[in-house]
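Read the structure below first, then the notes.
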Amino acid sequence: MTSLSIKISPKPVAGSITIFAVGSENETASFLGSAKGNPLLKDVNLKALNFSGSAEATTRLSLASTTVGLIGVGKGITTANQARDIGGAIGRAFKDQKSIVVNLPLSSSEEVIALLEGISFVQYEYSKYKSAKKAKAELTSVTVVTSHKVAAAQLKRIKVLAETLDATRDLVNAPANDLYPAKLAQIISSEAKIPNVKVEVWDEKRLAKEKCHGILAVGSGSVRGPRLLKITYAPANAKAHLALVGKGITFDTGGISLKPATGILGMKYDMAGAATVGEATLAIAKLGLPVKVTAFLCIAENMPSGSATRPNDVVTFRNGKTVEITNTDAEGRIVMADGLILASELKPDLIVDVATLTGAARVALGNRYTGLMGDDSSVETLKSAASTAGELVWHMPLPEELFELLQSDIADMMNSRVGNPSGGMLVAGLFLREFIGTKSAKDKTRLNWAHLDFATAANNDLAPYGSTVKGATGSMVRTLVTLAEQMGTKPKK
Ligand code: BES
Ligand code: ZN
Ligand code: ZN
């Protein structure tokens, strides 16, 4: 994507195309805002055009003097999240235009910002491996006609978010022959030259020294060794400490418990959690938010081979816990355990982990929702961040009785109950919870923790919708940035 210049203008300006709003009330379409009574549109008969005005419908009209675009807004835009979706529809429908001018009724600066976000977020295309490069024009400028003011810092934030989403999507879409553990760690490290940011890459030798036996066990089947990437953003004015942990399986074959030919497709995106927490941390740093963030990216390639971990092998973790590996395809929880132990040692105010953890997430929640689990207060914190960001999360329980399914005869627990898929997403959440440390030596309650299972929301294999693109979505990046913004405005307890 070429960089998109975004502007606000109180008066209409010229562009390749101007977009007006059409509302729909009682199945009747009518022009809204500046389109109403506009002489330019006086001969346009919406009924004859069969344009419904339902939300996100678009069309373009060639008039005597100019071309205009129409966007359906249904009963009208009343929330920022609706404005973002409408922006997505505009950005998709008119991306072949060089410059667009959007002239819609918007009732607040928040709606203007969200509309611009939607337009910016859908410009992404992954064309790295297309040999025929497109000669088509690209959108380079957007102007929103509105009297609402948007601060320069807000415009910068939109740009940072759009760039962060695109960087995340590029990593997630990359095929695994081009993106292996060392390379994923190296790409994110090379992007981390930002004030107050430090990165450390742990290779196999360092992982062994640090007793990160989970990441080593999962990575042992591949000739391309595992890594842990630690990113620290520590601004002097930090009001809170957020720890992030991401699943970074650059390809998940299932290992010795090999996946079938259908289930294995798409497993290049099993590193989306790592890409998401890594890029979100860099965005938080670029925005200079007053929150310390420590991110642990747990990166390995899960392959079957003579050196791979076997079913019934036992892994002893850094904190002394032992796990019998009953299914090498439940590898995400094994690498995440190392990251959660390391994060817990820092005693942060909140730990959030992000992982494409279970196929069960799709069974339970479909294609768009991310499963959210954790303690009640952390779940509320994440819900609020996601709803402000306009991302779909759904609170799922961690039923204590399901934990019994993971009892092992020879180790502290096992990583999956083969043959019993009951509550697969929840059992995985219960497994992760075991690796969350206590608040202090005195206070034995667990640290605040929320777990996001975005096994399906990370990748959209259906049609694009709202401000969500096809393929790697960049889902949860904005929720994490919004979370840091919210943590930065609260006084430290
Ligand atoms: N990477 C998969 C989960 C996944 C499945 C992500 C489909 C995206 C789409 C994970 O490592 C896995 O294989 N989980 C197993 C766990 C089971 C063996 C307990 C699963 O969900 O089948
Ligand atoms: Zn797996
Ligand atoms: Zn996996």
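The values are calculated or read from the model by the stated rules, or taken from the named source; none is laboratory data. In this text, all values refer to a predicted model and were calculated from it rather than measured experimentally. Glycine also receives a Cβ, built like all others from the backbone with ideal geometry; neighbour counts cover every protein chain displayed. When the accessible area is computed, the model is the full protein with side chains, heavy atoms only, and any ligands, DNA or RNA have been set aside. Shrake-Rupley method; radii C 1.70, N 1.55, O 1.52, S 1.80 Å.
Worth pointing out:
- Segments classed as helices (runs of 4 or more DSSP H), wholly inside the stretch 165-259, with at least 1 members that are acidic (Asp, Glu): 204-209
- Top-ranked residue of the stretch 220-274 - restricted to ones that are within 16 Å of ligand 2 (Cβ to nearest atom), charged (D, E, K, R) and more than 30 Å from Glu485 (Cα to Cα), ranked as most open to solvent (accessible area, probe 1.4 Å): Lys268
Quick grid of which residues meet (1) touching a residue at least 24 places away in the same chain (Cβ under 8 Å); (2) open to solvent by 20 Å² or more (accessible area, probe 1.4 Å):
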| position | (1), (2) |
| --- | --- |
| Val112 | yes, no |
| Ile119 | yes, no |
| Lys134 | no, yes |
| Ala162 | yes, no |
| Thr168 | yes, no |
| Pro175 | yes, yes |
| Pro181 | yes, no |
| Gln186 | no, yes |
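- Single match in Gln154, Gln123 (criterion: part of a loop (DSSP other than H, G, I, E, B), touching a residue at least 12 places away in the same chain (Cβ under 8 Å) and either closer than 30 Å to Ile188 by Cα or open to solvent by 30 Å² or more (accessible area, probe 1.4 Å) (or both)): Gln123
- Pick from the stretch 324-360, criterion within 13 Å of ligand 1 (Cβ to nearest atom) and of a type in the set (Val, Ile, Thr), ranking: most open to solvent (accessible area, probe 1.4 Å): Thr326
- Filter result for Arg446 (more than 20 Å from Ala355 (Cα to Cα) and touching an Asp or Glu at 6+ places or on another chain (Cβ under 8 Å)): yes
- Scanning the stretch 195-209 for any residue that is in contact with a helix residue (DSSP H, G or I) (Cβ under 9 Å, 6 or more places away or on another chain) and free of Cβ contacts under 8 Å to residues at least 12 places away in the same chain turns up at least one such residue.
- Listing of strands (runs of 3 or more DSSP E) fully contained in the stretch 16-87 that carry 1 or more residues being acidic (Asp, Glu): 17-25
- Qualifying residue in the stretch 217-225 (condition: under 27 Å from Asn448 (Cβ atoms), touching a residue at least 24 places away in the same chain (Cβ under 8 Å) and of a type outside the set (S, T, N, Q)): yes
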